[in-house]
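K.L.:
Handing you a structure now.
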Amino acid sequence: MSEQVRNLSWSCSRWQEASGITFRLQKAELWISRKPALAAALKATPTAKVASSAQFLQHIRHRMQHTAAAQAHYGDRRHRQLRWGSFIKRQQAYSAICKTIGGGNSDTIVAYGDAKFSSSCCKGNPSTPTVSLRRKLGHCCQVYNTDEFRISKLCCACKTAMDGMPLPLLGNPGRHAADLF
């Protein structure tokens, strides 16, 4: 029996393109740019993260003043179709990832990293799936969480700490990373 071990990675940008996030954001930005009054009103909305009730009331008044225009804009047919199309593209992207990893074989074993970090690289970027992807993979293959605690400090063979392991630093062959700690 031959066993096949593969590493697979999808970048954030690849996920955003495949799931339709990039297209949806571009279209929404184009449509809002055609309504400068609404765009200015949305941009001028005071923050809701305030300490006093008077400032929060100012935020609520501003939102209520522009609610009808925002509902008309975001509730029209093209926005509903864009959200539906984005949902379909996201499901297709999940399916593509599961098909790539599992290959249609339900006996495939996937070691899924159990890291608990933010799924988006930087603030303001759309998030990428971590928990939902693990659930989707669980439907088509056998998924096991891999504890990533101290994974870079333990030897994968004997599980002992790799203290003093000489790792050469790039650009300076005489120094080692172990010398820095």
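K.L.:
Tally up the carbon and sulfur contribution to the accessible surface of the stretch 1-99 as a whole percent, 1.4 Å probe, everything protein left in place. Could the numbers behind the result be given before it?
P.N.:
Working: 4150 of 7510 Å².
With neighbouring chains kept in place, the figure for the stretch 1-99 is 55 percent.
K.L.:
Not counting ligands, DNA or RNA, and with a 1.4 Å probe, what is Trp10's accessible surface area in Å² rounded to the nearest 10?
P.N.:
Rounded to the nearest 10, the figure is 60 Å².
K.L.:
So, one more: Which value, in Å² rounded to 10, gives the accessible area of Ser52 with a 1.4 Å probe and all protein chains present?
P.N.:
50
K.L.:
Something else now. Let me check something: with ligands and nucleic acids excluded, how do Tyr112, Tyr74, Tyr94 order by accessible area (1.4 Å probe), largest to smallest?
P.N.:
Largest accessible area first, the list is Tyr74, Tyr112, Tyr94.
K.L.:
So, one more: Please list the equivalent ellipsoid semi-axes of the stretch 52-92, computed as the square roots of five times the alpha-carbon gyration tensor eigenvalues, in descending order and whole angstrom.
P.N.:
32, 14, 4
K.L.:
Write down the Kirkwood hydrodynamic radius of the stretch 9-54, to one decimal in angstroms, obtained as one divided by the mean of 1/r over all alpha carbon pairs.
P.N.:
After inverting the pairwise mean of 1/r, the radius is 13.4 Å.
K.L.:
Here's another thing I want to ask about it. If the label point is 7 Å along Cα→Cβ of Ser127, which residues in the stretch 74-118 have backbone nitrogen under 15 Å from it?
P.N.:
115-118
K.L.:
Still on this structure, I have one more. In bins 5 Å wide, starting from 0, what share of all Cα pairs of the stretch 17-126 does each bin hold, as a percent?
P.N.:
Over the stretch 17-126, the share of Cα pairs per 5 Å bin runs 2, 9, 12, 14, 15, 15, 11, 8, 6, 5, 3, 1 percent.
K.L.:
At a Förster distance of 35 Å, what's the computed FRET efficiency of Ile109 paired with Ala39, Cβ-Cβ distance as r, to 0.05?
P.N.:
Efficiency computed from Cβ-Cβ geometry: 0.10.
The values are calculated or read from the model by the stated rules, or taken from the named source; none is laboratory data. Computed from a prediction, not measured in an experiment: that's the story for all the values here. Positions of Cβ are backbone-derived with ideal geometry, glycine not excepted, and every protein chain shown enters the neighbour counts. These area figures cover heavy atoms from the full protein model, side chains too; ligands, DNA and RNA do not enter into them. Shrake-Rupley method; radii C 1.70, N 1.55, O 1.52, S 1.80 Å.
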